[in-house]
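Here the structure is laid out as structure tokens; the discussion comes afterwards.
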Amino acid sequence: MALATVLAPAWHGVRAGPQLAYLTEAGTTSVPIGWAQFCELNAADCQARPARVENVTLSRAVWTQLVRINAHVNATVEPVTDIDQYGADEVWTYPISGRGDCEDYVLLKKQMLIRAGLPASALLITVVRDRKGEGHAILTVKTDRGDYVLDNETDEIRLWHATGYRFVKRQSQDDPNRWVTVGPATAPTAVASP
């Protein structure tokens, strides 16, 4: 009951408008080294070429799943840097120790959402520059109402342009092992597509 009360106000803000807030893609770019190393150890989770490329149809039930999984992972994973946990600069892995950094949160959220029935092609690991100009990973969810962000920095799910981040690159919808440049993160009308 309490969760439903929390979710209801957030859902009212999810409406299709005259311009949907989608990121634009500007071509192929380099694959993050952390993703390449993750795929060496987790080949089944890095399968290329989904059978169908699709966006999520954003219903109240899907919104509830997104909110629950985002909040659950944010609450149960303890933030720690890769240096502190592994003694290395960049390690992308599932946070099986209960600890992790932003990429680890994203990997777990993506895995849980796929298991909940959302299409993998709509769940894209995305690299951004945060408000301090530092590298950060988030999960972009491509929906019929725009590109929404799941972030370990907040339980609030926002459209990409409401994050304050500068978007750099993300996985391609048609192949998770191909990455594309995205952005620019300016006014949404400048980068929204019909």
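Annotation: amide H-H contacts under 5 Å for G183 (H modelled 1.01 Å from N, sequence separation of 5 or more, or interchain): T24.
Computed from phi, the 3J(HN,Hα) profile of segment 139-144 under the Karplus parametrisation 6.51, -1.76, 1.60 (θ = phi - 60°) reads 10, 8, 10, 7, 10, 6 Hz, with x in place of Gly and Pro. Residues whose amide H falls under 5 Å from that of V77, counting only those 5 or more places apart or on a different chain, are absent, with hydrogens built in the peptide plane.
Measuring with a 1.4 Å probe in the full set of protein chains, what accessible area per residue, in whole Å², belongs to segment 18-155? Value returned for segment 18-155: 49 Å² of accessible area per residue. The 3J(HN,Hα) values that the Karplus relation (6.51, -1.76, 1.60; θ = phi - 60°) gives for segment 157-168 are, in residue order, 8, 10, 5, 3, 6, 9, 8, x, 8, 9, 7, 10 Hz. Gly and Pro appear as x. Across segment 30-37, computed HN-Hα scalar couplings (Karplus, 6.51 cos²θ - 1.76 cosθ + 1.60, θ = phi - 60°) run 5, 7, x, 4, x, 5, 4, 5 Hz from first to last residue, x flagging Gly and Pro. The H on the amide N of R178, modeled in the peptide plane, is under 5 Å from the matching H of S172, each at least 5 residues off or on a different chain. Counting only Cα atoms, segment 105-162 measures 35, 24, 19 Å along its principal axes, largest extent leading.
Of the whole protein surface, H72 contributes about 90 Å² of accessible area at a 1.4 Å probe radius.
The values are calculated or read from the model by the stated rules, or taken from the named source; none is laboratory data. These numbers come from a predicted model, not from an experiment. Accessible surface areas use protein heavy atoms only, side chains included; no ligands, DNA or RNA. Shrake-Rupley method; radii C 1.70, N 1.55, O 1.52, S 1.80 Å.
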